[in-house]
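**Q** Below: one structure in structure tokens.
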Amino acid sequence: VDADPPVAGFRPVAPDESVRANRAWWDAEADDYLAEHGAELAAGLVWGPEGLDEASAGLLGDVTGRDVLEVGAGAAQCARWVARRGGRVVACDLSAQMLRHARRDHAGAADLGATPDGAATRGAVLVQCDARALPFAAGSFDVAFSAYGAVPFVADPRRVFAEVARVLRPGGRWVFSVTHPIRWVFPDDPGPAGLTVGFSYFDRTPYVEADAGRIRYAEHHRTLGDRVRDLVATGFVLDDVVEPEWPADLGRAWGGWSPQRGRLIPGTAIFVTHLGPPTPP
Ligand SMILES: C[S@@+](CC[C@H](N)C(=O)[O-])C[C@H]1O[C@@H](n2cnc3c(N)ncnc32)[C@H](O)[C@@H]1O
């Protein structure tokens, strides 16, 4: 990566540098990101650009009365869906500006604060933190989930998984969506150029954007096998990998995700896991 002008490319990034860059990036980009995608995200708990929602997917199980953690929640649209379903939910994110949006949306959500049967809930609690160091006591949650939050943006996802394992109760679910690993081999282009293999699936060098030599954004690739090994190493049992298909009637693109590519290659992988029994020392 050259120092100047701003460039996008691939180069190693230290874990803390990656988090520092991404915090500043999401703070700076939150308004534009939510202006573009906020209305669609507000619809519920959406797992990715294909529009698969939790109401139909049912990957978290019944959240009513459960303690639920959303990791990398952004403006916490998913957490609000959980709260509406009667879950006691904490939404955490690295970016203060994303959480500012969450607070604003929260205050304006007329339907927040009651379960479908009318019982009162306390809505979502918002917490700013790095997902690699969750400020919660061990065994605080029944369910943890993330829709494209935190996991793709850290160089050391095992730290996130280990933290999630720590704060979950025995048997607790951990469900998260990320860019499907196969997408790494294709240029991030929604059109035909995005259908020609351009990169090695096995090259884990992060994608970065830099300005005057300073990393402004970093995204990290893990192969499918890497993800499974990271999960198993941190005590999780893999129950399913959901690869949502692009709906035939979905005409819009979302960044590099598009109907043209969606017909041919998966864009999202959702890892459905639960905490296994502790391994003997
Ligand atoms: C694509 S958004 C996902 C949130 C929401 N589901 C959405 O689609 O807007 C990614 C979020 O991950 C957060 N994030 C990135 N790195 C993180 C980290 N290390 N810890 C916690 N959150 C992080 C960002 O601040 C951002 O809000």
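The values are calculated or read from the model by the stated rules, or taken from the named source; none is laboratory data. Since we're looking at a predicted model, the values are computed, not measured. Reconstructed Cβ throughout: ideal geometry from the backbone, glycine too, with neighbour counts over all protein chains shown.
**Q** Among all residue pairs at least 6 apart or on different chains, which show Cβ distances below 8 Å where the first residue, located in segment 219-239, is in contact (Cβ under 8 Å) with a residue 40 or more places away in the chain and within 17 Å of residue 145 (Cβ to Cβ) and the second is part of a strand (DSSP E or B) and β-branched (Val, Ile, Thr)?
**A** Qualifying pairs under 8 Å: 227/178; 231/273; 236/273.
**Q** Could you look through segment 50-69, keep only residues that are within 13 Å of the ligand (Cβ to nearest atom) and under 15 Å from residue 173 (Cα atoms), and pick out the one that is surrounded by the most Cβ atoms within 10 Å (Cβ to Cβ)?
**A** 69
**Q** With the condition kept exactly as written, say whether any residue in segment 70-86 is loosely packed, with under 14 Cβ neighbours inside 10 Å and more than 14 Å from the ligand (Cβ to nearest atom).
**A** no
**Q** It is to be established whether one or more residues within segment 234-254 are at pLDDT 95 or above and part of a helix (DSSP H, G or I).
**A** Within segment 234-254, none of the residues are at pLDDT 95 or above and part of a helix (DSSP H, G or I).
**Q** Additional query: Given 13, 63, which one is more than 30 Å from residue 247 (Cα to Cα), at pLDDT 95 or above and either touching a helix residue (DSSP H, G or I) at 6+ places or on another chain (Cβ under 8 Å) or among the small types (Gly, Ala, Ser) (or both)?
**A** One residue alone meets the criteria, 13.
**Q** For segment 24-43, check the following and say yes or no: at least one residue is within 9 Å of the ligand (Cβ to nearest atom), part of a strand (DSSP E or B) and at pLDDT 95 or above.
**A** No, because not a single residue in segment 24-43 is within 9 Å of the ligand (Cβ to nearest atom), part of a strand (DSSP E or B) and at pLDDT 95 or above.
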